[in-house]
There are 2 protein chains.
Amino acid sequence: MLSDIDGIAIVGLGLIGGSIARGLRAAGYAGRLSGAVASNADAPRALELGLVDDCHAEIAEAVSEAELIVVATPPGMIEPVLAQIAASRRADATVTDTGSSKASVVAAAARVFDTPAYKRFVPGHPIAGTENSGLEAGFATLFQARRVILTPDAATDAAAVACVEAMWRALGAQIARMSPAHHDEILAATSHLPHVLAYTLVDTLAAMGERIEIFEYAAGGFADFTRIASSDAALWRDIVTANREPVLATLDAYMARLQDVRAAIANGDDDRLYRVFERAKTARDGFVSVRERNER
Amino acid sequence: MLSDIDGIAIVGLGLIGGSIARGLRAAGYAGRLSGAVASNADAPRALELGLVDDCHAEIAEAVSEAELIVVATPPGMIEPVLAQIAASRRADATVTDTGSSKASVVAAAARVFDTPAYKRFVPGHPIAGTENSGLEAGFATLFQARRVILTPDAATDAAAVACVEAMWRALGAQIARMSPAHHDEILAATSHLPHVLAYTLVDTLAAMGERIEIFEYAAGGFADFTRIASSDAALWRDIVTANREPVLATLDAYMARLQDVRAAIANGDDDRLYRVFERAKTARDGFVSVRERNER
């Protein structure tokens, strides 16, 4: 149970870490909540927002007394962050993360943790987010009815998994388990590839030299389609880089199909074009049903 | 002024036509509103919804007494619809359309209208829509604070343009004028290409053979990015086909840039990837500002 956890430290108080902190408060967690932020300049605002009880720029200071340590830093920083946690954690601490790629995180954990620490590391990824970032971006209900994927392996300590699951359940999330590789394939397809496509589209249009006018005549569909291109650029560079091979595989499948669609348009093959559009509409309408069912 | 228009006929009562009808009612239009629908089976529901005063499956019956005729049929039907209007319209009637491509519509109008009718034809396109379609899909405020592009040429009758402008102003739209070719370039980039990309992405994922599972783990960003892939497949096949050359030009520009992005990912060129993402984020954030300014 959440209340059994003897102190929780959150490393990184942006959209994800800040939402975890807010959600734990909203769930009534009465233990100590500690936070680590990138610089001393951020600490006063984190405390003012009531995100945590104490806030530190030194990771060791934030995590050393916590039974559960949640890493919510940008993915490019995961290995040095885990190394600092390895050096300062309680011997019985459970560590989890929230990164968007899992094989790369597991490999980093294997490099920096000794065996006892590795066994208490539970890789995780909440499938939730917005295009916003920073201390102000989080909200307590971000994970309500959202999936969290955990990727422990056979060696992972069962009590550590239970501890992480207790936190996510308290935040209203639905927990799934799978292998890191399977997670990375799914997320490459449903999240990383769409970000690459959206960024590339907006960059293409911006380069057409009439940016302002083009955007003047864009409608709601364009706003929705490109929303993810307003996501933090450094974060998404790191995510794509960390999950390079699955992203390239799904990007190649996409580009091959786009070549087919281009040929159908160029050749006036209306039947073929219709079949692609109709299959996609059917699948997407099905996705909406799944999503609405999950939210009930 | 709207109230000066002696009868308005709307050919097609789907999302766009139905929203025009609802909007004209909401704006207090007291003249006769006539509607044409694809089949007799649709007429009772259109009347039940209060969209029009009279409703017909024969275009001639709907348009013959109207001073303003608004064509809101799927783009694939534009030429035969305009031909029927040419044969049944009042001699002083103004005709406008709402199609998503304009050069193809102007060419169709030039083929089926005689010179007096062509001079009273005002090609138009409201930049507004949702992924829904059908008699029930429309709503009175769809065009509020949205752009409508009109593409009259030097020969177009000024009174006909004024009549069409009066209608759009009553619906709350902001009117812009440009050439059909310029319209088609802008819309290819901001609307037609995004639809092609979204349909192709969802079709790619659906073909990965784990459709349901993939969609189980998709988040809000995916829902937004793919919303336009729930649009009517036949409609969008027709739009893309009608605007083929501009769509292919912008698709080629996009695919070239996507190849560059792929190379940056494959080669670990993080700086290049970051520059693309950051330029796109800046442009997209700018688009949001423009949009919010327009809505104020």
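The residues B:Tyr199, B:Tyr274, when put in order of fewest to most other Cβ atoms within 10 Å, stand as B:Tyr274, B:Tyr199. Protection proxy ranking, highest mean first, for peptides A:232-238, B:56-62: A:232-238, B:56-62, where packing is the per-residue count of other beta-carbon atoms within 10 Å, averaged. Axis between A and B by rotation; chain A residue with nearest Cβ and distance in whole Å recorded as A:Asp224, 2.
For the stretch A:219-296 and the stretch A:1-41, what is the separation of their C-alpha centers, rounded to whole Å? Cα centroid of the stretch A:219-296 versus Cα centroid of the stretch A:1-41: 35 Å apart. For B:Arg169, the point set 7 Å out from Cα toward Cβ sits 6.4 nm from its twins in the other copies, listed from shortest up.
Averaged over the residues of peptide B:176-184, the number of Cβ atoms from other protein chains lying within 10 Å of each residue's Cβ is 1.
A:Pro116 sits among other residues whose Cβ lies under 13 Å from its own Cβ, and their net charge, with Lys and Arg +1 and Asp and Glu -1, is +1.
Highest GNM mean-square fluctuation among B:Phe121, B:Phe143, B:Phe113, for chain B modelled with Cα contacts below 10 Å: B:Phe113.
Note on B:253-266: average number of Cβ atoms from other chains within 10 Å of each residue's Cβ is 5.
The Cβ shell under 12 Å around A:Gly134 holds other residues with a net charge of -3, Lys and Arg each +1, Asp and Glu each -1. Among DSSP beta bridges lying fully in the stretch B:2-178, give the percent that are antiparallel, nearest 5. Among the beta bridges of the stretch B:2-178, antiparallel pairing accounts for roughly 10 percent. A straight chain from A:Ala83 to A:Arg111 at 0.36 nm per residue would run longer than the Cα-Cα distance by 9.2 nm. Per residue of peptide A:234-240, the mean number of Cβ atoms on other chains within 10 Å of the residue Cβ is 5. When you count the other C-beta atoms within 10 angstrom of each residue and take the mean per peptide, B:224-230, A:1-7 line up highest first as B:224-230, A:1-7. D for the protein assembly as shown, whole µm²/s, Stokes-Einstein with Kirkwood Rh over alpha-carbon pairs at 10 °C and 1.306 mPa s: what number? Value of D from the Cα-based Kirkwood radius: 61 µm²/s. With its label point defined 7 Å out from Cα along the Cα-to-Cβ axis, A:Gly76 lies at 4.8 nm from the matching points of the other copies, in increasing order. Any lysines with Cα under 20 Å of the B:Lys102 Cα? List them, leaving off those in the same chain fewer than 8 positions away. Within the straight-line cut-off, B:Lys102 pairs with B:Lys119. Averaging the sequence gap over all C-alpha pairs within less than 8 Å and six or more residues apart, then dividing by the number of residues, gives chain A a relative contact order of 17 percent.
Projecting 7 Å from Cα along the Cα-to-Cβ direction, the label point of A:Met208 sits 2.8 nm from its equivalents in the other copies, listed shortest first.
Any read-out appearing in this document is the output of simple, stated calculations on the displayed coordinates, not a laboratory observation. None of the values given here were measured: they were computed from a predicted structure. Neighbour counts run over all protein chains shown; Cβ positions are idealised from the backbone, glycine included.
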